[in-house]
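Data first, discussion second: the structure below is written as structure tokens.
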Amino acid sequence: RSNFGYSIGLHRNHKRKPNKATTAPPPTPPPTQQTHKMNQGTESSAPSSSPSPHFRSMSMLKHEPSLMVGQEPREDTKKTEPKAATTEPEASTGERQHLSSSSSWSHPRLTVLGLYYPLGPCQTRLPKSDLYPVLERLAHVFCTLSLHTQYQNSPISATCTSMDQVSLEVSLFEARDDSGQIILEIARRQGDSYLFHQYSRQIMAVATNYHSEAAASKGSPWNVHNLHLVDSVVTTQTTDDYPLAEALESVWSMLRGDRHDARKLALEALVHMTDPNKCGWSTAQAFCQSLLRPQDGIEEQLSRRILAYATMTSFSSQENEFIFLSGDEAYLGLRIVSQALQMAAQAKTMDVQSFLQGSDLVDCLMDHVSRVQTQPHHAFFAVQSLAAICDCVPALRSRVRVAHCLQEAQLVGESSHLALATVSEKLLVTLQA
């Protein structure tokens, strides 16, 4: 035994030099079930030098659903996101060309309704195959109702603003439960709820092709079928004289303050006071007379303030602090001046020379018309004011005739604003006569 153990020790201590011709050792075979059980005991007993494993919940491996409809997937989720989230219905080449030429949606992409998107009560379902005809009818009714519309291709939506300062959003989605249907939703964003329902009923009726011609002929007073109410004022008489001085004093007390909501309420009251369809012919004529030819101190201050709103110039308050106008105040001031000048053109008894002297009202109105691409409603009331001024003071027609912005306003109106196109064409015909 001693000799055998001595030989074994020599064999272990002997260091052999590696042979260069030998190949790499073969890979160790995978452990069997027995060796795996045996290794479990050794691993539990022997300490491990490797760091402890990090445990991760299975919920972290799943991506959270997007709360934004039509949002682009992240870089790490683009490979796992299905392509069915944004679908585009098949349409013929002629149908696509016809849509692109008559609508402002360039390349609409229909998106699936979001999981957490809150659908409003004003909605309906349509066949997905009718997407392009529906978009064409929507663009047509937007133009007929003279809505200032901003289009978005994905998700398909349109933000519309009326001349009554009613803001609404029209959206189209693919139904989540049925890929062959689309959902049309109309939601109010700002403005009077009663006027919103008038607009939404007309838009919904035209989109569903339910008596399209009859639906566009009623509702808003600004569509093409009711434009005669804007040009020819209804001559109705009132039975009792309204206390003019008290009403102007109340309006001036709100208008001279520094609160925006009070000033806007005063301007909205003046809009109704100068509209003969709201308060009658004699009452509107009295209020317009006080603005165009003021007699006392309150009327003078009120007239200058309204003119400042229409010309978008800053003015100083009682504390000698300059008050900068907001978009709503400038718009309402321009609308009041337009209605007052139209009353003067219809009555033929008001002198607007003193109102125009000492102010650059004509230049400011033409400046409003030049911004027709971004503010078509302002351009509409500016063109109406210029037409009334040309009727009251024919000597100013040569000054208005040289402005090239009227032709641009007519082109913009023919494509997206029917009321603007009508009044621009009428003014151009008057200037050429």
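Just so you know, all these numbers are worked out from the coordinates, no wet-lab data involved. Since the structure is predicted, the reported quantities are computational estimates derived from the model, not experimental observations. Note that each Cβ is placed from the backbone with ideal geometry, even for glycine, and that neighbours are counted across all protein chains shown.
Laid out as a table, the results:
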{"quantity": "The stretch 184-193 - phi-based ³J(HN,Hα) in whole Hz, Karplus 6.51/-1.76/1.60, Gly and Pro as x", "calculated": "9, 10, 10, 10, 7, 10, 6, x, 5, 6"}
{"quantity": "Integer Hz, Karplus 6.51/-1.76/1.60 couplings in order for the stretch 361-370, x for Gly and Pro", "calculated": "5, 5, 5, 5, 5, 5, 5, 4, 5, 5"}
{"quantity": "Placed amide H near V112: partners under 5 Å, 5+ positions off or other chain", "calculated": "T87, E174"}
{"quantity": "Order by protection proxy (mean Cβ within 10 Å, highest first), peptides 409-417, 186-194", "calculated": "409-417, 186-194"}
{"quantity": "Amide hydrogen neighbours beyond the local backbone of I182, cut-off 5 Å, H modeled", "calculated": "L126, K128, A175"}
{"quantity": "³J(HN,Hα), Karplus 6.51/-1.76/1.60, whole Hz, each residue of the stretch 305-312, x for Gly, Pro", "calculated": "5, 5, 5, 5, 5, 5, 8, 6"}
